[in-house]
1. Give me the distance between the Cα centres of region 85-117 and region 148-209, rounded to whole Å.
2. About its Cα centre, how strong a charge dipole does region 14-83 have in debye, to the nearest 20, once Lys and Arg get +1 and Asp and Glu get -1 at the Cβ?
3. Counting Lys and Arg as +1 and Asp and Glu as -1, each charge on the Cβ, what is the dipole of the chain about the Cα centre in debye, to the nearest 20?
4. Can you compute the modelled spin-label distance between residue 209 and residue 164, with each label point 7 Å from Cα toward Cβ, in nm?
5. For labels at residue 71 and residue 115 in the simple 7 Å Cα→Cβ model, what's the distance in nm?
6. Excluding ligands, DNA and RNA, what is the solvent-accessible area per residue of the chain at a probe of 1.4 Å, expressed in Å²?
7. Over the chain, calculate the relative contact order: mean separation of alpha carbon pairs under 8 Å at least 6 apart, over the residue count, as a percent.
8. Enumerate the lysines that residue 176 could reach by cross-link, defined here as Cα to Cα under 25 Å, with residues fewer than 8 away along the same chain left out.
Amino acid sequence: MQVPDIIIAIDGYSSTGKSSFAKIVANEFGFLYLDSGALYRGVTLFAIEKRLINEDCTIDIPALTGALEELDLHFGKGGTYIGDRCIENEIRSLEVAGKVSPIAAVPQVRNYVDRKLREFGRNKRVVMDGRDIGTTVFPEAELKLFMTADPMIRAQRRLAEMNAKGDHADLQEVLKNLQERDYIDSHREVSPLTKADDALVLDNSNMTIDDQMEWLKEVIQKRFNC
Ligand code: CDP
């Protein structure tokens, strides 16, 4: 299938399988995949290590804003990096997951990440997933998807993913984390998680990845005549 030079923006709730799907889509169409959540997670890890966020999620915003000027966060071989240190595993921990939404609600952090994402997405043929890609980062994206699924199914999927990596967690704890993140993400002042008017909803509660791919190909064929 010859897909034109477009940007595909995938937004939606936590653990709806946005990144797994986006990676497969990128692979299938020869697009670049960009995981915007990984950058928010990277800033969170950085803030934890520099002690700019404490246990109750109070953030030293002026210090964090200053420190961001020095932060070299980028994608490289195998995932996300700070300078030449690969942080891909650390950013997936429950500790980072528990602090990322408050960090992502800080306007200065959003500016920092938005700037990077726009730079990475300049050349089209990009699939980007996140919470505000179709609304804020690339409102001009030619194709926007909004992914959702039943919360319990999402928690089970996330737990299975963590178990597969040898990270053991409790189902209720994972469910609580994703519901808290959904709440904070949807209610923050700056770029809240919301469906763009022109986004197509994809509820994958009862869909396999193959079902999703078939659905997407049909959408693309119809919309772009390819
Ligand atoms: O765990 P999941 O894959 O669902 O989340 P993620 O994509 O890794 O994103 C982690 C967190 O980063 C989200 O819960 C949001 O708080 C924040 N985020 C955001 O605010 N805007 C984005 N474009 C992407 C992520």
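1. If we compute the Cα centre of each part, the gap is 16 Å.
2. Around 300 debye, computed over region 14-83.
3. My answer is approximately 360 debye.
4. Calculated label separation equals 0.7 nm.
5. 1.2 nm
6. Per-residue accessible area for the chain comes out at 49 Å².
7. With pairs under 8 Å counted, the relative contact order is 33 percent.
8. 18, 99, 165, 195
The values are calculated or read from the model by the stated rules, or taken from the named source; none is laboratory data. No experiment lies behind these values; they were computed from the predicted model shown. No Cβ is skipped: glycine too gets one built from the backbone with ideal geometry, and neighbour counts run over all protein chains shown. The accessibility values were calculated without ligands, DNA or RNA, using every heavy atom of the protein model including side chains. Shrake-Rupley method; radii C 1.70, N 1.55, O 1.52, S 1.80 Å.
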